[in-house]
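Below is one structure; the comments refer to it alone.
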Amino acid sequence: MKAIAPALVFFALAGLVPLVVRDPFLLDSLILILLWGAAGAAWNIAGGYAGQVSLGHSMFFGLGAYAAALAGTRWGLSPWIGVLVGAAAATATGFIIGYLSNRLRGPYFVLATIAFSQVLLIGASRWRGFTAGSEGIPVPFRAGFWTLGIADKRIWVWIILALAVLVWLVELYLERSRRGYQLAAVREDEDAALSLGVPARQLKVAAIAVSAALTAVCGALWAQYVGFVDPVYVFSVDISIRFALAAILGGLGTALGPFLGSVLVTTVETYLRAQFGGIGAGFVGIYLILYGVALIVMVRFAPQGIVGWVGARLRP
Amino acid sequence: MILPQLIVSTILLGGIYALIAVGLTLIFGVMRVVNFAHGEFLMLAMYLAFWAFALLHFDPYLTLVVSLPLFFVVGLASYRFVMRPVIHASHNVQVFTTVGLSIALQNVALVLWTGDSRFVRTDYYSMVVRLAGAVLNLAQLIAFAVAVVFTAALFAFMRWSYTGKVMRATAQDRDASALMGIDTDRVYALTWAVGITCVGVAGVLLSPIYPVYPTVGLQFVLIAYVAVVLGGLGDMAGALIAALVVAAVEVIGSYVVGTAWKEVLYLLLFIGILVVRPAGLFGTRGAEALGT
Amino acid sequence: MSLLSVAGVTKRFGGITANRGISFDVAPGELVGIIGPNGAGKSTLFECISGFYHPDEGEVRLDGRRLTGLSPDNVCRRGIARTFQKLRPFSGLTVLDNVAVGALTRTKDVRHAREQARELLARVGLSEKADAYARTLSTGQRKRLELARALATQPRVLLLDEVTAGVDQRTIPGLVQLVRDLHAGGLTLLVIEHNMRVITAVAQRIVALYLGEVIADGTPDVVARDRKVIEAYLGQAYHQP
């Protein structure tokens, strides 16, 4: 109970904010913090808990985003259907990536995930007949809950918060359960784990598939919230790195870590955008320079992330 | 007759890709590091050529003379401050270090020079040479020639020089080399610097041919990685041959399905190799599962 | 009726035949030692039995059921556990959790697994270290951890790979006693060992390997005096009458 207290406080606070705050800009920031946190946590399931570092997770995010957008524009379906379809497509893709994770180790696997996401990027950008090509798809706003046409940002906070808590619970399960222990063993030393009867291959595939599905849900909800799906952004390597960054800064393989990491990353980004956005698009790049440097510094000096750093200081 | 044109284009393109890929595979072969920032150094070299041209009216081939020692120093410096601390760390740490470097460099370029495309428009940029029924762009031809000379020099160095042998020894067995008295840290510094110099040269050679913008590195590095994996990570000769194969796929693919989809072709080739024979055409089977 | 039967196991790597036609049986409750100079193929044999390598020819059976071709985790679930010569603890996990991972192969309940782990740690003498991270252990302690972890999977046959290697002289007797106790408790053991004094004292039977083949199979006294064994270790010029 003690260990999850900080997380409970975090989510409770997030849930209470909309009751007190009306400013749409602040609410928007909170929504993005929770959303990128959830996506980072979803990545963390594969990258942190299962030890399968992928830099191509944008493929799942994009699949979810497109599923939601296409459900609305092409077939007039509820975007919730899009969420399900996106999750299904991502899970299927996740199985393929999972298969690759058993054939390829280390850098080969990372490269493969990047290649996959780029194939999807190019496919989505060029396949005009299906995805409206590189112009992207504007997501139609149809008022109502089942069409996820919600103008009130406070409701969005709670929807995304629900998603965040869902992903957090999955992470928690991975920390406490039998499968979680086995996965930790696989992460530490796959062969030793195999020798102890741990079904390493199957666990890795399962972790990646779950991670993929949850990432897609994030993508689908993001698309509905933001209202526009641009293939070059949604399948970009930048987004994949952003998921990893949130998890690493916050604490790889910890449940709350990605959310804390997202707080840091999103607030810095929003602040810098606000400060420099007007001066010229170039300055917006400053926050990305900070990301890059932060990544280099963090993995070298504080690989346990914020959570680990704080945890080490709190431990007697 | 389109064939001579395709062949010639392939060779010219392949020569440049080879230079990029060979440096990348050298770094992996000796240091076991996957350098995700390789493309960014290429981008910086292209910008160097551009600004030298725009501000000082230096012809790129003049800049080449400067870029060689300059990028060697850049290589040594980036090794010392960024790579050396993590050279013995876990593979994930190394991946994120080079990824972080890549993001930082891309955005330094973005902040300093904006996202606009820049192009080195030399007087001779549209000059062509006719050879055996094919039309070659002069700049491409020169780029190819220099790339070949440089790559050949690199091969010779690795094969016959003492330092080259030392580097190959370290690639084969890090610990044994250290036990033999080889200063592995210096070998790594040198390897990294040589790899960076290769892209430094390649970038300048590319500047009269391709436009430069902050993210141009990604496109080339992905191509380079396809060549590196196809040729077998660490295998320089393999990377060379594979670079030609990738260039062929791109050129022929461009011709058959058009430029819009050609990137998909080599990406699919890449995924295909990874699935079927990840060790590449020339690598030892099973090397990819060891991650070493 | 043998518990573990190795029949004609052959394993090649390119031009090298690491194991050639290796055959022997292990009866329930036996402690069989595997000896041989470096390169004899002992570790390869273990890899073949535990499922990490698949033999090119031959079979391994447990209780009559085929093990060859199964994945390592499957082999473990069938009842073969092993330790590694180069110790492989889960460094980032606590000692208790290390053992619990093994126990979780037999039970789905995490709490139950941890209880079992505590008992096993007591058995190998690592109780005080239960909450320490595995990376903080000394070599001797790591050996015990590896043992406890493997035992947690409730194996029918335990493969021990060089359990006395790399530890100082004072720690050896303790480890040997541990192995003896396990054997006395009814466990079937297959033990690779370099230390002749240890293995001849502990084993009921010894199988000697040389250049991938079995050159002797019998009680310790017989094998220790076997001419081929002596030649293998000391070279032909040294054989004694």
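The values are calculated or read from the model by the stated rules, or taken from the named source; none is laboratory data. Since we're looking at a predicted model, the values are computed, not measured. Cβ sites come from the backbone with ideal geometry, for glycine too, and all protein chains shown count toward neighbours.
Tell me, yes or no, whether the stretch B:240-260 has at least one residue that is crowded, with 23+ Cβ neighbours inside 10 Å and outside any helix (DSSP H, G or I).
Scanning the stretch B:240-260, I find no residue that is crowded, with 23+ Cβ neighbours inside 10 Å and outside any helix (DSSP H, G or I), so the answer is no.
Select, from A:Ile97, A:Ile122, A:Ile155, the only residue that is surrounded by fewer than 17 Cβ atoms within 10 Å (Cβ to Cβ), aliphatic (A, V, I, L, M) and either away from chain B (no Cβ under 14 Å) or in a helix (DSSP H, G or I) (or both).
It is A:Ile155.
Would you mind finding the one in C:Glu59, C:Glu128 that is within 30 Å of C:Asn19 (Cβ to Cβ), away from chain A (no Cβ under 11 Å), at pLDDT below 95 and out of contact with any helix residue (DSSP H, G or I) (no Cβ under 7 Å at 6 or more places or on another chain)?
C:Glu59
Name the single residue, out of those in the stretch B:32-84 being in contact with a strand residue (DSSP E or B) (Cβ under 7 Å, 6 or more places away or on another chain) and among the aliphatic types (A, V, I, L, M), that is farthest from B:Val226 (Cα to Cα).
B:Met46
Give me a count of the residues in the stretch B:85-135 that are facing chain A (nearest Cβ under 7 Å) and aromatic (Phe, Trp, Tyr).
1
Report those helices (runs of 4 or more DSSP H) wholly inside the stretch A:193-288 carrying at least 2 residues which are surrounded by 19 or more Cβ atoms within 10 Å (Cβ to Cβ) and polar (S, T, N, Q).
A:200-226, A:257-276
So how many residues does the stretch A:289-316 have that are in contact with a Ser or Thr (Cβ under 9 Å, 6 or more places away or on another chain), assigned to a helix (DSSP H, G or I) and at the interface with chain B (Cβ under 8 Å from one of its Cβ atoms)?
5
Does A:Ile279 count as at pLDDT 75 or above and within 14 Å of chain B (Cβ to nearest Cβ)?
So A:Ile279 does not fit the description; no.
Kindly indicate which of B:Phe96, B:Phe53, B:Phe41, B:Phe36 is in contact with a helix residue (DSSP H, G or I) (Cβ under 7 Å, 6 or more places away or on another chain), over 29 Å from A:Ser54 (Cα atoms) and not small (Gly, Ala, Ser).
Among B:Phe96, B:Phe53, B:Phe41, B:Phe36, only B:Phe53 is in contact with a helix residue (DSSP H, G or I) (Cβ under 7 Å, 6 or more places away or on another chain), over 29 Å from A:Ser54 (Cα atoms) and not small (Gly, Ala, Ser).
Regarding C:Ser71, is this residue surrounded by fewer than 20 Cβ atoms within 10 Å (Cβ to Cβ), within 30 Å of C:Ala134 (Cβ to Cβ), facing chain A (nearest Cβ under 9 Å) and touching a residue at least 24 places away in the same chain (Cβ under 8 Å)?
No; evaluated as a whole, the condition is false for this residue.
Restricted to the stretch C:155-171, and to residues that are over 11 Å from C:Leu87 (Cβ atoms) and surrounded by fewer than 18 Cβ atoms within 10 Å (Cβ to Cβ), which residue is nearest to the other protein chains (Cβ to nearest Cβ)?
C:Arg156
Looking at B:Ala178, B:Ala171, can you tell me which residue is at pLDDT below 85, closer than 27 Å to B:Gly15 by Cα and either of a type outside the set (Gly, Ala, Ser) or surrounded by 13 or more Cβ atoms within 10 Å (Cβ to Cβ) (or both)?
B:Ala171
Cβ-Cβ distance below 8 Å, separation of 6 or more or different chains: which pairs start in the stretch C:92-109 with a residue that is farther than 18 Å from A:Tyr49 by Cα and end on one that is at pLDDT below 95 and hydroxyl-bearing (Ser, Thr, Tyr)?
From residues that are farther than 18 Å from A:Tyr49 by Cα, the pairs are C:Val95/C:Tyr133.
Go through the stretch C:99-115 and count every residue that is facing chain A (nearest Cβ under 7 Å) and either surrounded by fewer than 19 Cβ atoms within 10 Å (Cβ to Cβ) or within 17 Å of C:Ala134 (Cα to Cα) (or both).
Total satisfying the criteria: 5.
Yes or no, residue by residue, for (1) over 27 Å from B:Leu222 (Cβ atoms); (2) out of contact with any Lys or Arg (no Cβ under 9 Å at 6 or more places or on another chain):
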| position | (1), (2) |
| --- | --- |
| B:Gln94 | no, no |
| B:Gly115 | no, yes |
| B:Leu131 | yes, yes |
| B:Gln140 | no, yes |
| B:Gln172 | yes, yes |
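Can you name every residue in the stretch B:246-270 that is in contact (Cβ under 8 Å) with a residue 40 or more places away in the chain and either within 13 Å of another protein chain (Cβ to nearest Cβ) or more than 25 Å from A:Ser134 (Cα to Cα) (or both)?
B:Val246, B:Ala247, B:Ala248, B:Glu263, B:Tyr266, B:Leu267, B:Leu269, B:Phe270
Just one of C:Leu158, C:Leu145, C:Leu187, C:Leu175 is in contact (Cβ under 8 Å) with a residue 24 or more places away in the chain, farther than 16 Å from C:Gly36 by Cβ and in contact with a Pro (Cβ under 7 Å, 6 or more places away or on another chain); which is it?
Of the residues listed, the single one that is in contact (Cβ under 8 Å) with a residue 24 or more places away in the chain, farther than 16 Å from C:Gly36 by Cβ and in contact with a Pro (Cβ under 7 Å, 6 or more places away or on another chain) is C:Leu145.
Listed here are the residues, each with its yes/no results for (1) in contact with a Cys (Cβ under 8 Å, 6 or more places away or on another chain); (2) touching a residue at least 40 places away in the same chain (Cβ under 8 Å); (3) closer than 22 Å to A:Arg201 by Cα.
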| site | (1), (2), (3) |
| --- | --- |
| A:Ala41 | no, yes, yes |
| A:Asn44 | no, yes, yes |
| A:Tyr49 | no, yes, yes |
| A:Gly56 | no, yes, yes |
| A:Phe61 | yes, yes, no |
| A:Ala67 | no, yes, no |
| A:Leu70 | no, yes, no |
| A:Trp75 | no, no, no |
| A:Gly82 | no, yes, no |
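Just to check your reading of the model, which residue among C:Gly51, C:Gly92, C:Gly8 is over 22 Å from A:Ala184 (Cα atoms) and either modelled with pLDDT of 95 or more or not hydroxyl-bearing (Ser, Thr, Tyr) (or both)?
C:Gly8
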